[in-house]
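Read the structure below first, then the notes.
Every read-out reported here was derived from the displayed coordinates using simple, explicitly stated rules and does not represent laboratory data. As the structure is a prediction and not an experimental result, all values here were calculated from the model. Note that we place each Cβ from the backbone using ideal geometry, even for glycine, and neighbour counts take in every protein chain shown.
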Amino acid sequence: MAEYEQMLTANEEWARNFAGELPVRPRRAVAVVACMDSRMPLFPLLGLAVGDAHVIRNAGGVVTEDTIRSLTISQHLLGTREIVLVHHTDCGLQKTDDTAFADLVEQATGHRPPWPAQAFTDVDEDVRESIRRLRASPYLLSREICGTVYDVATGRLREVAAEG
Ligand SMILES: [Zn+2]
């Protein structure tokens, strides 16, 4: 629990300097869908302040049913309209494939996951696949989507054209 204790200590400092309550609706009306990678501090790297944006993260920044659930809540209840995808170089999901990963989990636990890891090789194509899934969802109010890839070696973000 060493990490947890350090976090509670860090939070005391955060609470001491707390800037105060903000509205629940993101000020910039944007939702970011990103990989959980530990090298992407999304708020500073995208120039976001507290209260500016929703951030939805999972392994790969994959557009799953639950990502759609969060975006639908984000748009219908909380007023966001723009979606920014942030995938990245050197992703953990590029280091396996769906079958090998399911084998690994099954060997370690005796249980084969019913969901695919959604591993990929081409990061640009992975971004385009996410854009296609968002455009195909019937539940969103806005399909204003920008796809990007973050380079973990340089800190630079580049846009991926929706079709290419
Ligand atoms: Zn990743």
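In percent, how large is the relative contact order of the stretch 1-67, given Cα pairs closer than 8 Å and 6 or more residues apart?
Values: 57 pairs, mean separation 23.5, N = 67.
In percent, rounded to a whole number, it is 35.
Using modelled backbone amide H atoms (1.01 Å from N, in-plane), which distant-in-sequence or interchain residues come within less than 5 Å of Arg39's amide H?
Hits under the 5 Å cutoff: none.
Ratio of alpha-carbon Rg to the 2.2 N^0.38 Å globular estimate for the chain, to two decimals, please.
Numbers: Rg = 17.5 Å, N = 164, 2.2 N^0.38 = 15.3 Å.
Expressed relative to 2.2 N^0.38 Å, the Cα Rg reads 1.15.
Calculate one ³J(HN,Hα) per residue across the stretch 23-36 by plugging θ = phi - 60° into the Karplus curve 6.51 cos²θ - 1.76 cosθ + 1.60, and present them in order as whole Hz with x for glycine and proline.
x, 5, 7, x, 4, 9, 6, 10, 10, 9, 10, 9, 5, 6
Can you give the FRET efficiency to the nearest 0.05 for Met36 and Ala10, using r as the Cβ-Cβ distance and R₀ = 22 Å?
Numbers: r = 20 Å, r/R0 = 0.89.
Computed FRET efficiency for Met36 and Ala10: 0.65.
Based on DSSP H runs of at least 4 residues, each adding -39500 (n - 2.57), what is the mean residue ellipticity at 222 nm of the chain after dividing by all its residues, to the nearest 500 deg cm²/dmol?
-10500 deg cm²/dmol
Rounded to the nearest 0.05, what FRET efficiency do Ser142 and Glu163 give with R0 = 25 Å and r taken as the Cβ-Cβ distance? Could you check? Don't skip to the end; give the middle numbers.
Details: r = 19 Å, r/R0 = 0.76.
The calculated FRET efficiency here is 0.85.
Please turn the phi angles of the stretch 145-158 into ³J(HN,Hα) values with the Karplus equation 6.51 cos²θ - 1.76 cosθ + 1.60 (θ = phi - 60°), one per residue in order, whole Hz, x for glycine and proline.
Listing the rounded values in order: 10, 10, x, 9, 10, 9, 8, 6, 8, 10, x, 9, 9, 10 Hz.
Please list the non-local residues whose amide H lies under 5 Å from the amide H of Ala162, H modeled 1.01 Å from N, same-chain partners needing a gap of 5 or more.
For Ala162, no residues qualify.
Over all directions, the average projected area of the alpha-carbon convex hull for the stretch 1-84 comes to how many nm²?
Working: hull surface 26.8 nm².
Mean shadow area of the hull around the Cα atoms is 6.7 nm².
List the relative contact order of the stretch 9-164 as a percent without decimals, with contacts defined as Cα pairs under 8 Å and 6+ residues apart.
Once divided by the residue count of the stretch 9-164, the mean separation gives 24 percent.
For a Förster distance of 25 Å, can you work out the FRET efficiency between the beta-carbons of Phe43 and Asp98, rounded to the nearest 0.05?
Numbers: r = 31 Å, r/R0 = 1.26.
The calculated FRET efficiency here is 0.20.
Sequence-distant or interchain residues sharing an amide H contact under 5 Å with His88, placed H: which?
Long-range HN contacts for His88: Tyr150.
Calculate how many DSSP beta bridges within the stretch 26-160 are antiparallel, expressed in % of all such bridges and rounded to the nearest 5.
Details: 4 of 22 bridges.
Among the beta bridges of the stretch 26-160, antiparallel pairing accounts for roughly 20 percent.
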